[in-house]
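Comments concern the structure below.
The values are calculated or read from the model by the stated rules, or taken from the named source; none is laboratory data. Fair warning: this is a prediction, and the values are worked out from it, not measured in the lab. Cβ placement follows ideal geometry from the backbone for every residue including glycine, while neighbour counts extend to all protein chains displayed. What goes into the accessible areas is simple: the full protein's heavy atoms, side chains included, and nothing from ligands, DNA or RNA. Shrake-Rupley method; radii C 1.70, N 1.55, O 1.52, S 1.80 Å.
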Amino acid sequence: MKFYTTAKSLFSVAADTLVVFVGSDTNSSPVYFSDSAYVDERLKGEVKKLLKSEDFEPTVGAIFVVQSHGMLPYTRVIIVGCGRLQEMTAFDFQSAVAASIVRAKQSHAASVVLSLPKEILERFTSFLTARLLTEAVGFGSYAFLPYKSKKIQEKEKDIAIVTVVVSASQVTETMKGIIDGSNRASGTIFARDLVNEPSSVMTPSALARAAKSLAKQKTIMCRVFGKKEITKFGMGSLLGVSRGSNEEPKFIKLSYHGGGKKTICLVGKGITYDSGGLSIKPSSSMETMKCDMAGAAAILGVFEALASLKPKINVVGLIAACENMPSGHAMKPGDVVRAMNGKTIEVLNTDAEGRLILADALSYAEKYIISDCIIDLATLTGACVVALGEDIAGVFSDDTALAQGILAAGLIAGEKLWRMPIATAYEKDLKSPIADIANVSKVHYGGAITGALFLKEFVNEHMPWAHIDIAGPAFAEKETALTRYGGTGFGVRTILSFIEAQAKKM
Ligand code: BES
Ligand code: MN
Ligand code: ZN
């Protein structure tokens, strides 16, 4: 897919498909921008008439297609709703763009022109609009096809040329936004592909190889530690989880050197398959558990993008990777493991394994990484999905500046996050009669919070730390224009926006 931008009039560019946006007013009646008015004029007023007779409501992602019958240099015009302009979020805009791309692909479009009216450019700035648009075009045309037939792969062929039409003064910023957006989309899609691979392929070793492949870039370094080194580190908690599996655990360390004084440390949950272990899951809950390395995948996606975005900041990524399986060697409920920081953990439920491997990864971060903050990403709890639904991630942090920084980054990036409390009143529910802490709460409720409280035990009190529970949005079971069934790459863009903001702060 190739992107171009131009300030030419819509009628001196040509393609098989033109996309124009239509907003709505408070009564959800269409509000046309100058470009669609121009299209309407060329089609002799037929477009507005048609939309009216069909009662078209330009809600976010609503689509209407008209044929141009040779009166425009396009075969068809896709009219896409973007909802009320004053309230349009980055997510809404991306949903609208992706919906138009999905529709264009249905018509086997090879070339698409998207027209960006000044009303939309002004809503986000032209740089951000172009960045959001480019990402959304990438997501709208994404498909994971390595296990599909040649015929289907052929059918899903990408749109070859995408041209973005803006006014002359916006061309430079738009170009920059397109480059930025394609790098960020590429990182997100890198993460999606990793999650979509079956767990038989995406083993801890395969995840480590994916990390190593990123170190070909000269700003990125990668080290992979195997079972021997993990044992030497004293990561008894990670080892405990991996004991039931035939796959070797891996501890992965990535670093990006962009200069500047700040360092951000990212920590990812890399359970390449979560069967629950001996506290085994019901089979229906296991169907999507290849997604349990989505936190790790998001971090790899971030690094993939960092190499080309080159922000002036340093980033360390730590990934604990293993499988959670039952076997004669597996950890048993009631077993006690010792994490790298010396704390003992009574494992009452082997299905609360994410926090166990993160305990060691966070301990490692505290011991060996000098950083300004730690952010972990994990598909940690079903309880977080109960609380916030499938679309929204939970942000847990006692550091308000850090939490707000992450929420602001999400808003700009078009990802949905919501702050959750780390309620210390529930700390007592994690007490164990024989170890320093139990890995699950005695109380059935508030599972996302007790998960965060457990993790907190492995982070230094003074370290700004945030935990992002992505159990809901990491994997899409229902399809939208932006997310096909499968991995979503959630978190990559929010973290990139957060890193960008931190780099600019100095
Ligand atoms: N990987 C799961 C959480 C999860 C659930 C991710 C749904 C994605 C979708 C995690 O390891 C888990 O099993 N958590 C348990 C914790 C419980 C035993 C305290 C859960 O949520 O049930
Ligand atoms: Mn589990
Ligand atoms: Zn898990």
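Given a cut-off of under 8 Å on Cα pairs at least six residues apart, what relative contact order in percent is computed for segment 2-189?
In percent, rounded to a whole number, it is 29.
Once the other residues with Cβ under 14 Å from the Cβ of THR263 are scored (Lys, Arg +1; Asp, Glu -1), what is the net sum?
+3
Might you work out the accessible area of ASP92 for me, using a 1.4 Å probe with all protein chains in place, and round it to the nearest 10 Å²?
ASP92 has an accessible surface of roughly 40 Å² with all protein chains in place.
In a shell of Cβ-Cβ distance under 10 Å around GLY487, excluding GLY487 itself, what net charge do Lys and Arg (+1) and Asp and Glu (-1) give?
+1
Between the DSSP loop rule and a limit of at most 13 other Cβ atoms within 10 Å, which GluC sites (Glu not before Pro) in segment 405-506 are left?
Answer by residue number: GLU461, GLU477, GLU479.
In whole Å, how far is the Cα centre of segment 201-275 from that of segment 1-79?
48 Å
Between segment 368-430 and segment 451-474, how many Å separate their Cα centres?
Between the Cα centres of segment 368-430 and segment 451-474 lies a distance of 7 Å.
At a 1.4 Å probe, what is the % contribution of carbon and sulfur to the accessible area of segment 114-266?
55 percent
Send over a whole-number figure in Å² for the accessible area per residue of the chain, probe 1.4 Å.
Normalised by residue count, the accessible surface of the chain is 41 Å².
Normalised by the number of residues in segment 399-506, what is the relative contact order in percent for Cα pairs under 8 Å and 6+ residues apart?
Relative CO of segment 399-506 lands at 33 percent.
Ignoring everything but the protein chains, give the 1.4 Å probe accessible area of GLU173 in square angstrom, nearest 10.
Here the residue's solvent-accessible area equals roughly 70 Å².
Carbon and sulfur: what percent of segment 399-506's accessible surface (1.4 Å probe)?
58 percent
Take TYR256, TYR445, TYR273, TYR147 and sort them by solvent-accessible surface of the protein heavy atoms, 1.4 Å probe, largest at the top.
Listed by decreasing accessible area, they come as TYR445, TYR147, TYR273, TYR256.
Determine the relative contact order of the chain: mean sequence separation of Cα pairs under 8 Å and six or more apart, normalised by residue count, in whole percent. Don't jump to the answer; show the numbers that get you there.
Working: 1195 pairs, mean separation 75.1, N = 506.
Taking the mean separation of contacting Cα pairs over the length of the chain, I get 15 percent.
What's the Cα-based Rg to Rh of the chain, Rh via Kirkwood? Write down the numbers at each step before the final one.
On the way: Rg = 24.1 Å, Rh = 23.7 Å.
My calculation puts Rg/Rh at 1.02.
I'd like the antiparallel share, as a percent to the nearest 5, of DSSP beta bridges with both residues in the chain. All intermediate terms of the calculation are to be shown ahead of the outcome.
Numbers: 31 of 78 bridges.
Among the beta bridges of the chain, antiparallel pairing accounts for roughly 40 percent.
How far apart, in nm, are the 7 Å Cα→Cβ label points at ILE152 and LYS367?
Roughly 4.6 nm, to one decimal.
Starting from the exponent 0.38 and prefactor 2.2 Å, build the expected Rg for segment 211-505 from its residue count and divide its actual Cα Rg by it.
0.92
Cα extents of segment 2-189 along the three principal axes, largest first, in whole Å?
That gives 45, 35, 32 Å along the principal axes, largest extent first.
Just check segment 372-506 against the gyration tensor rule for me: Cα atoms, a ≥ b ≥ c as the square roots of the eigenvalues, rounded for a/c under 1.5, and otherwise prolate or oblate depending on whether a/b exceeds b/c.
oblate
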